[in-house]
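Participant: Submitted below is the structure of interest, expressed as structure tokens.
The values are calculated or read from the model by the stated rules, or taken from the named source; none is laboratory data. Nothing here was measured: the structure is a model prediction, and the numbers come from that model. Heads up, the Cβs are rebuilt from the backbone with ideal geometry, glycines too, and the neighbour counts pull from every protein chain shown.
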């Protein structure tokens, strides 16, 4: 009798499980009818997600062969987890948003496919060189530029007026300004949690980037060390600060005791939403160093996975090309604050009118001319961690650039060697 | 019956009772554990194509030579030592007090439960503000100007503080449940015998509460060895200034999800597992010696 | 008890209660701040304008109604399932005799120590093989057993006086009857406490539901909280408003259940 009851209980449990899984599956199976479905994982939330959904709907209405289904996977860290799990279990979508620096890892994993066969020749012709270089890895196009932003300088015009200063053109000027206002209890410049990007910029401005296209590491050359000292010395003199656990230097900038803030242009919308009442701020391109301008471009790209069918691949390329059209890329740029990707978009009269109306967006757009992106290589994620650790040690443990950058040089050389 | 010798039949019956749990645990815990143990020995491994280049101890020797791993190991041990005894003792004390009051009892019990239902992200944010150097409440309280979260000397201490506080809720509930099932007649009898509060505590409550204390201690050790979320949220996605709050779990996360060094992460998982096993084993041994592990029988 | 003793106890408890309440209160206040408030200072700011509109706004930022339903289904089924499997196993470990009992128990306790992050992707692969990705089954089945719950119940069952068991068995009760009619009701406090903990764990689970589902149709509340975080920062007032909404049901549940946690034994004694 008691066994019977136990059996019944187990049976019931099994039944629940089977029904639930059956329900899930039957619903998933019905959605594949005539148009080819392109699944698209992205990391956009809130307003950006709505903007992207609008573009997706436009594409779906513009033709009948393909249907793009976008799904937000939370922030970029969760999106990365999803892609990793999907790659391992062979359940990847057709396309996904990811950073081009992941491409080498994906190629090694064998789950990503080049876009070249599906793009019309010259499809990327009008794209800015700053974005273009990152699209290729080993002479093939893997990453399609999508949501790109530039590092820029935020400043408070009131504070500049009060201190009698102007927007600095060079890093030397910037650090002098910091010293000038130090006595008045003001800080010169606030960085984000890490000053990695600014360091990357400074070293690139010496003429040799931190890592060259031939994967030569340039972390502790005399020129690189001198460039590192620009920021390090400011931090030591307390004319510059990093955001620490605030994450973003904007918190400190908004407190009104900081002249400048080096941040991402992607932060403009959220800064507009969260600036204190009456606090006015403007933007400018980052200062130059040794007569050179170089601003690192950050952001994400679109990639196509190998598991996609030929029809899906063609559809994915059609969708990407659609996003690059003048109308779409300018719409995207205006709504999100990301950069328009083509020269045609930049020349567009409507976009120029938009910039005239929204002067804070100008700085990032001016920076595209001298924008650059890191070279992607296998082991880049490890190098990235090493770089972030080096800057952190200079910040919180006051390690000298000679020591921190020396270690970074050795670590990076080892990483590159191991991943050759 | 309880003292009978096991037979084939009694074993089969017991297996019927155990089957559902064992099935789920076997498929979703034991199996993946075995695969990741295996992975910790892979060299030149391609995680996605599953191509194994070789088998050996290279990943463990990587850990052995990685200063960050040493840092993580040290921090984890300090962290567990800092959190576990404090949280268990505090929770016991608070539970005993909560168990004695009647007026506003529901209110107090709910309040002490709050940190546990508050999302970690929210807690970390709030503590982030409490720990600020300028006008942070903690600094106002201690009359200090410490930048708790951005100074490598204090960062781990700050995490310990937050975790003790957050762990209290669970442990208080468990202690309350343990106290709740102690027969009040024992207490009454002891009171009639003229036992003082302290005597009732040590001679009646404490022995009866032992099984629950064992559970709480073991659980606290296990969960705190695996601390990750609080650190990730408190330090805005980093392991603290100068890696001051880098723990083994954080190291594992970094290796796996950020640096894509899957076998190294698996090796770290093995070390972490062995370490927890060792420490809980020691605790269990201690409990065994005092016959607490098996209860009163 | 002497009056000063009582006062002292309340004083201590109040002191502790303030530290427990502070972050929660802060959360509530932040959820009512206008978005334009920055957190440059550490002050506990009283909102100048109470933004009740944050709540509906947060609610509409993601399909929270659907998430809520999913969270309910998943939490209820996993908790009931966990309690059932744990009760059965704990009973076997405490009241049945079988070969390898000690080894099996110690082995299970050892499995408690497995870091969950290590299991995430292997389990995802298993789910793919079972064709369970993006189904309720994937959200529920892996969590139908909890070693912690089993351990907790086993500790409670161990502390049960064996004389009741012998008496019941002599009266002709089967193991099954003893378990459900005597042992389980007698351990109501531990059962409730463990259930509450499991409910909270399941309700707040984030990583697994995100990994295993691809669409809004099956996502749960904590995944919805991602809607307020972006590359460039977080909308804290809205995030806090949504978080409060997510947590409130748990608080209510605890309020309803806590009397069972506290007064487990006195009640059963009245019956016996």
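Participant: Say we look at segment A:59-75 and pick out the residues that are within 18 Å of residue A:326 (Cα to Cα) and crowded, with 16+ Cβ neighbours inside 10 Å; which of these is nearest to the other protein chains (Cβ to nearest Cβ)?
Facilitator: A:60
Participant: For residue C:238, are the conditions met, namely being in a helix (DSSP H, G or I), facing chain B (nearest Cβ under 9 Å) and crowded, with 17+ Cβ neighbours inside 10 Å?
Facilitator: So residue C:238 does not fit the description; no.
Participant: Mind checking whether some residue in segment A:115-125 is away from chain B (no Cβ under 14 Å), part of a loop (DSSP other than H, G, I, E, B) and within 21 Å of the chain's Cα centre (by Cα)?
Facilitator: yes
Participant: Out of (1) within 14 Å of chain A (Cβ to nearest Cβ); (2) at pLDDT below 85, what's the single condition that is false for residue B:198?
Facilitator: Checking residue B:198 against (1) within 14 Å of chain A (Cβ to nearest Cβ); (2) at pLDDT below 85, the one that fails is (1).
Participant: Kindly check whether there is at least one residue in segment C:57-69 that is in contact (Cβ under 8 Å) with a residue 12 or more places away in the chain, in contact with a helix residue (DSSP H, G or I) (Cβ under 8 Å, 6 or more places away or on another chain) and surrounded by fewer than 15 Cβ atoms within 10 Å (Cβ to Cβ).
Facilitator: no
Participant: Take the conditions outside the structural domain of residue A:396 (by TED's automatic domain parsing) and in contact (Cβ under 8 Å) with a residue 60 or more places away in the chain and apply them to residue A:144. Does it pass?
Facilitator: Spelling it out, residue A:144 is indeed outside the structural domain of residue A:396 (by TED's automatic domain parsing) and in contact (Cβ under 8 Å) with a residue 60 or more places away in the chain.
Participant: Is it the case that segment A:282-293 has a residue that's surrounded by fewer than 24 Cβ atoms within 10 Å (Cβ to Cβ), in a helix (DSSP H, G or I) and modelled with pLDDT of 95 or more?
Facilitator: no
Participant: Separate question: Say whether the condition of being in a helix (DSSP H, G or I), crowded, with 20+ Cβ neighbours inside 10 Å and facing another protein chain (nearest Cβ under 8 Å) is met by at least one residue in segment B:180-188.
Facilitator: Yes, segment B:180-188 has at least one match.
Participant: Modelled with pLDDT of 90 or more and over 17 Å from residue B:182 (Cα atoms): does that describe residue C:202?
Facilitator: Taking the combined requirement at face value, the residue satisfies it.
Participant: Still on this model: Could you grab me the full set of residues in segment B:60-85 that are surrounded by fewer than 17 Cβ atoms within 10 Å (Cβ to Cβ) and either within 14 Å of chain C (Cβ to nearest Cβ) or not in a helix (DSSP H, G or I) (or both)?
Facilitator: B:66 - this is the single residue of segment B:60-85 that is surrounded by fewer than 17 Cβ atoms within 10 Å (Cβ to Cβ) and either within 14 Å of chain C (Cβ to nearest Cβ) or not in a helix (DSSP H, G or I) (or both).
Participant: Also, quick follow-up: Consider residue B:227 carefully, then state whether it is closer than 25 Å to residue B:116 by Cβ and not in a helix (DSSP H, G or I).
Facilitator: The answer is yes for residue B:227.
Participant: Could you list, in sequence order, all residues of segment A:311-350 that are part of a loop (DSSP other than H, G, I, E, B) and under 20 Å from the mean Cα position of the chain (by Cα)?
Facilitator: Once the filter is applied, which keeps residues that are part of a loop (DSSP other than H, G, I, E, B) and under 20 Å from the mean Cα position of the chain (by Cα), segment A:311-350 yields A:337, A:338, A:339, A:340, A:341.
Participant: Further question: Quick one: count up the residues across segment A:199-256 that are within 14 Å of another protein chain (Cβ to nearest Cβ) and in contact with a helix residue (DSSP H, G or I) (Cβ under 8 Å, 6 or more places away or on another chain).
Facilitator: 13
Participant: Suppose we filter segment C:133-167 for residues that are at pLDDT below 90 and within 14 Å of chain A (Cβ to nearest Cβ); how many remain?
Facilitator: 2
Participant: Please go through (1) at the interface with chain C (Cβ under 7 Å from one of its Cβ atoms); (2) assigned to a loop (DSSP other than H, G, I, E, B); (3) within 30 Å of residue C:259 (Cβ to Cβ) for residue B:102 and return the number of the only condition it doesn't satisfy.
Facilitator: Just one mismatch for residue B:102, condition (1).
Participant: For residue B:145, all conditions in the list (1) buried (at least 19 other Cβ atoms within 10 Å of the Cβ); (2) over 19 Å from residue B:95 (Cα atoms); (3) within 14 Å of chain C (Cβ to nearest Cβ) hold save one; what is the number of the exception?
Facilitator: Checking residue B:145 against (1) buried (at least 19 other Cβ atoms within 10 Å of the Cβ); (2) over 19 Å from residue B:95 (Cα atoms); (3) within 14 Å of chain C (Cβ to nearest Cβ), the one that fails is (1).
Participant: Now a separate question. Take the residues in segment B:1-26 that are farther than 30 Å from residue C:166 by Cα and facing another protein chain (nearest Cβ under 7 Å); name whichever of them is farthest from the chain's Cα centre (by Cα).
Facilitator: For segment B:1-26, the residue satisfying everything is B:24.
Participant: Of all residues in segment C:118-131, how many are within 7 Å of chain B (Cβ to nearest Cβ) and surrounded by fewer than 18 Cβ atoms within 10 Å (Cβ to Cβ)?
Facilitator: Result for segment C:118-131: 0.
Participant: Go through segment B:28-46 residue by residue and tally those that are more than 7 Å from every other protein chain (Cβ to nearest Cβ) and within 30 Å of the chain's Cα centre (by Cα).
Facilitator: Within segment B:28-46, residues that are more than 7 Å from every other protein chain (Cβ to nearest Cβ) and within 30 Å of the chain's Cα centre (by Cα) number 8.
Participant: If you check residue B:40 against the conditions, is it surrounded by 14 or more Cβ atoms within 10 Å (Cβ to Cβ) and within 30 Å of residue A:419 (Cα to Cα)?
Facilitator: Yes: the conditions hold for residue B:40.
Participant: Go through segment A:78-87 and give me each residue that's facing chain C (nearest Cβ under 10 Å) and farther than 18 Å from residue C:62 by Cβ.
Facilitator: A:81, A:84, A:85, A:86, A:87
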